[in-house]
Amino acid sequence: MSPIIDSLLDTDLYKFTMWQTMLHRHPQTQAEYRFVCRNRSAYPLAELLPEVERELDHLCTLTFRPDELQYLAGLRFMKSDFIDFLRIFRFQRPFITARAEGEALAIVARGPQVHVMAFEIFVLAIVNELYFRRYDRAAALTEGRRRLAAKLAVLENFALEAPLRHPFELFDFGVRRRFAGDWQREVVATLKRGAPGYFKGTSNVLLARELDLTPIGTMAHEYLQSYQALGVRLRDHQKAALEDWVQEYRGDLGIALTDVVGMQAFLADFDLYFAKLFDGLRHDSGDPVWWGELALAHYAKLRIDPHGKRLVFSDGLTLERAIALYRHFGARTQLGFGIGTHLTNDVGLDPINIVMKLTHCNDQPVAKLSDSPGKTLCEDQTFLAYLRQVFNLRN
């Protein structure tokens with residue numbers, strides 16, 4: 001069977017945008033990333049270990065091909081020295097280890113951050129696809145195509161409604177938890193063909209290139225988390241991260257992620273300066289209506305016209321939930337909806353809830369204090385308590 005990953009473009013755009021920023025701003029940073037299955041008691045992933053090892057071995061043989069580098073260089077926010085770095089880049093096998101811990105699968109990437117941060121999406125795609133190979137592929141694809149056709153029918157019915165002030169825009173965010181790589185390609189191609197008025201892009205850089213779509217993405221939690229250990233006051237780490245982003249991209253990639261220490265703590269740092277410089281905000285935890293109302297109230301307090309800003313929703317969305325959020329906010333601000341699992345792994349099988357998150361930078365713990373308590377991540381409870389105290393958080 002062919003390898004799961006055969007191109008280093010087969011990952012999320014925000015891995016490249018964060019990668020470039022860290023290479024330019026903090027290239028000396030050491031980091032550790034750990035794989036976690038949040039519902040692991042139901043899924044004995046340790047049995048996948050030999051196959052995971054083979055896939056990681058193959059991943060570490062890959063390099064960026066000249067045509068792939070040419071595509072990346074054509075994105076106006078990618079800089080020539082970063083492309084030169086990618087030209088000589090290769091994953092180093094000693095920087096990632098996998099082992100069984102009982103029935104659980106433990107995967108750790110540890111080393112210079114600019115050499116290990118890109119492992120994340122590939123590891124998640126590998127584990128997911130290996131896991132679902134145990135099921136009847138033909139039956140899953142039959143069910144997946146039926147459900148995909150139903151989604152297109154939902155969009156056809158939705159098109160009959162009178163549009164609100166701002167358009168409904170849908171993106172694929174499904175690399176990390178997809179059923180399989182070829183299925184993601186089929187889903188994205190089908191949406192491009194069947195719903196061109198709504199479907200506007202994908203986070204998968206490889207598919208964006210192959211299908212002539214816009215690659216979508218800015219930053220993830222790891223970017224802001226890293227600044228908890230990069231020499232600034234802990235209370236100021238969000239502002240430092242946002243400032244470096246502004247200086248790196250100077251108007252491009254202007255959607256900021258809000259829930260590394262929770263929305264309310266984020267807004268306390270997102271002052272008039274940042275609110276004017278960033279195009280909008282991304283939701284990834286907590287009640288989305290509550291979050292959106294907070295965002296719009298914040299813009300109103302700063303006397304910023306919300307019609308010039310964008311709210312992007314990306315937390316476990318279904319198409320139906322995205323449409324409901326559009327009906328609630330679509331007359332008041334620009335919107336975007338990034339759907340992952342419910343596009344690329346909606347085939348009648350229960351998805352596994354897997355992540356690979358940054359746990360340490362420069363031998364110091366880092367944390368994510370999510371607006372959804374089940375998404376909070378930190379291995380050091382003392383640091384977690386200190387972070388809550390610094391930001392006056394009770395969750």
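The values are calculated or read from the model by the stated rules, or taken from the named source; none is laboratory data. Since this is a predicted model, take the numbers as computed values, not measurements. Cβ coordinates were reconstructed from backbone atoms using ideal geometry, including for glycine residues, and neighbour counts include every protein chain displayed.
For segment 20-39, the criterion of being within 29 Å of Ala100 (Cα to Cα) and assigned to a helix (DSSP H, G or I) is met by none of the residues. Checking each residue in segment 181-198 for being surrounded by 22 or more Cβ atoms within 10 Å (Cβ to Cβ) and hydrophobic (A, V, I, L, M, F, W, C) picks out Trp183, Val187, Val188, Leu191. In this structure, is Ser203 touching a Ser or Thr at 6+ places or on another chain (Cβ under 9 Å), within 26 Å of Leu124 (Cβ to Cβ), assigned by TED's automatic domain parsing to the domain that holds Ala322 and touching a residue at least 40 places away in the same chain (Cβ under 8 Å)? In short, yes. What residue, of Asp236, Asp244, is under 21 Å from Asp380 (Cα atoms) and either among the polar types (S, T, N, Q) or modelled with pLDDT of 95 or more (or both)? Checking each option against the conditions leaves just Asp236. The single condition among (1) in a loop (DSSP other than H, G, I, E, B); (2) under 16 Å from the mean Cα position of the chain (by Cα) that Gly348 does not satisfy is (2). Any residue in segment 105-118 that's at positive phi and surrounded by fewer than 22 Cβ atoms within 10 Å (Cβ to Cβ): show its pairings with residues that are outside any helix (DSSP H, G or I) and not β-branched (Val, Ile, Thr) at Cβ separation under 8 Å, as long as the two are six or more apart or on different chains. Short answer, once both residue conditions are applied: Gly111/Gln30; Gly111/Ala31; Gly111/Gln92. Candidates in segment 8-63 are the residues that are among the basic types (Lys, Arg), more than 23 Å from Val246 (Cα to Cα) and at pLDDT 95 or above; of these, the one that is surrounded by the most Cβ atoms within 10 Å (Cβ to Cβ) is Arg34. Selection of segment 276-326 for residues being in a helix (DSSP H, G or I), small (Gly, Ala, Ser) and surrounded by fewer than 20 Cβ atoms within 10 Å (Cβ to Cβ) yields Ala297, Ala300, Gly308, Ala324. Do we find that Gly231 is surrounded by fewer than 21 Cβ atoms within 10 Å (Cβ to Cβ), at pLDDT below 95 and not in a helix (DSSP H, G or I) in this structure? Criteria met by Gly231. Residue check: is Glu47 of a type outside the set (Lys, Arg), outside any helix (DSSP H, G or I) and out of contact with any Phe, Trp or Tyr (no Cβ under 9 Å at 6 or more places or on another chain)? Taking the combined requirement at face value, the residue does not satisfy it. Within segment 363-381, how many residues are buried (at least 16 other Cβ atoms within 10 Å of the Cβ), part of a loop (DSSP other than H, G, I, E, B) and of a type outside the set (Val, Ile, Thr)? The qualifying residues number 5. Could you please let me know if Leu69 is in contact (Cβ under 8 Å) with a residue 40 or more places away in the chain and not charged (D, E, K, R)? No.
Return yes or no: is Ala149 modelled with pLDDT of 95 or more, touching a Lys or Arg at 6+ places or on another chain (Cβ under 7 Å) and surrounded by fewer than 21 Cβ atoms within 10 Å (Cβ to Cβ)?
Criteria not met by Ala149.
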